[in-house]
1. I'd like the orientation of helix 166-179 relative to the chain: the angle between its Cα long axis and the longest Cα principal axis, in ° from 0 to 90, rounded to 10.
2. Just need the relative contact order of region 360-459 here, percent rounded to a whole number, with Cα pairs under 8 Å and 6+ apart.
3. Relative to the longest principal axis of the chain, what angle (0 to 90°, nearest 10) does the C-alpha long axis of helix 303-313 take?
4. Hey, what's the Cα Rg ratio for region 100-168 versus the globular rule of thumb, 2.2 N^0.38 Å?
5. Tell me, in nm to one decimal, what length is gained between residue 106 and residue 257 on full extension, where the rule is 0.36 nm per residue of separation less the Cα-Cα distance?
6. Using only the alpha-carbon atoms, what does region 330-370 span along each of its principal axes? Please give whole angstrom values in decreasing order.
7. Express the C-alpha Rg of region 1-49 as a ratio against the empirical globular expectation 2.2 N^0.38 Å, rounded to two decimals.
8. Along its three principal axes, how long is region 209-362 when you only count alpha carbons? Whole Å, largest extent first please.
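Any read-out appearing in this document is the output of simple, stated calculations on the displayed coordinates, not a laboratory observation. Given the structure is predicted, the values throughout are model-derived calculations rather than measurements. No Cβ is skipped: glycine too gets one built from the backbone with ideal geometry, and neighbour counts run over all protein chains shown.
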Ligand code: URP
Ligand code: ZN
Ligand code: ZN
Ligand code: ZN
């Protein structure tokens, strides 16, 4: 492992921007020196960061690797998905383990440990998706918290699949309040949505664009409001995942203004894509829009600015990806006959920092510090990874990105590393990219190449909710 000096870069954290040299010893940041102040001790390696920024590694708090869903399995596993994340400057993920209905949470978490063990390029942690909440699984929540799995996701959507009713949600929230866990909520009312879907199909409205038309934003606003009310009643914090709609954001703002521990993330697809993309025609004809089928659905373009404003004002705290890739061939194609059968999800684990730097920092929508905060510091704090991860400080893990703000590259399925046969951003040029990525002090990306070792990523135990 040894000693590495990262020299001459501009360190950017959520609060500071300054020139410094970083000494990395045995996987951790050992010292931060002002310009020219590094002592003449020998380092095994010096990385020249002149003209570059140095950020804490990205933390993606919402990924679905190797996940059975929609009649198939998400196409990236822990090997390909974490490798792609590393290329894009992300050094930790929190993936969603699933409890299969009727099974113990233990079985779900063990299954996810087995999926990840020995494969990951970067550190990883797990949330637990609960599909049954009863006294047995409620008790198990405490066991998982002790093992560092400190957040649980429940679904108001997908009736008959992952859906949980209000009683289950409320009970899980009560328990979370007792044990310092955080409930992540897919806040979208799936019951009326399923009726709208059946009605659309009965009318022959089966093209991808009907995915958005049958999941109106009010279903998300109502779910968000209900999740917040249930959490307030139960005395627990709540984190709304993949928030897409302005009216849902209003509910979060209202709760936060009342001082409730309510948090929300959005995802790049909601900032950069819109329901117009669902109506695209292309190499797959009128089925092209299937590339953009994710849940909640893409919204009208005008809503993107509401989300940007939320990010700027801290009404939204995090941008994570909801990376849930499915190939067009053999996977999205399952929904050729009906949008309702298109597996839901989009690829994004690799492109998050590129898009947010290019479309957020370079356009002046957010500052560099805010960029670091929403992609690393805030998710680290909310999900119990801070201060080991999420900042640049003495004693923190040396999960670092040396970022070249001028590096240009064209996003394309051919050059990105996610195991999926398309990119939603095909042909789009972005400026800014990682020159080096370090995971616990090891250089894993250098000159656009992976130089790490498969399996070096470790499971990280997270602490309880403490904001
Ligand atoms: O379309 C999505 N979001 N797929 C993944 C499952 C989920 O709801 O997060
Ligand atoms: Zn979800
Ligand atoms: Zn406010
Ligand atoms: Zn998701």
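1. Tilt of helix 166-179: around 30 degrees.
2. On the way: 132 pairs, mean separation 19.1, N = 100.
Over region 360-459, the number comes to 19 percent.
3. Between helix and principal axis, roughly 50 degrees.
4. Numbers: Rg = 12.8 Å, N = 69, 2.2 N^0.38 = 11.0 Å.
Relative to the rule-of-thumb radius for its length, region 100-168 sits at 1.16.
5. Working: separation 151, 0.36 × 151 = 54.36 nm, distance 3.75 nm.
That pair, residue 106 and residue 257, stretches by 50.6 nm at full extension.
6. Extents along the principal axes, in whole Å: 44, 16, 13.
7. Details: Rg = 10.5 Å, N = 49, 2.2 N^0.38 = 9.7 Å.
Expressed relative to 2.2 N^0.38 Å, the Cα Rg reads 1.08.
8. 49, 36, 24
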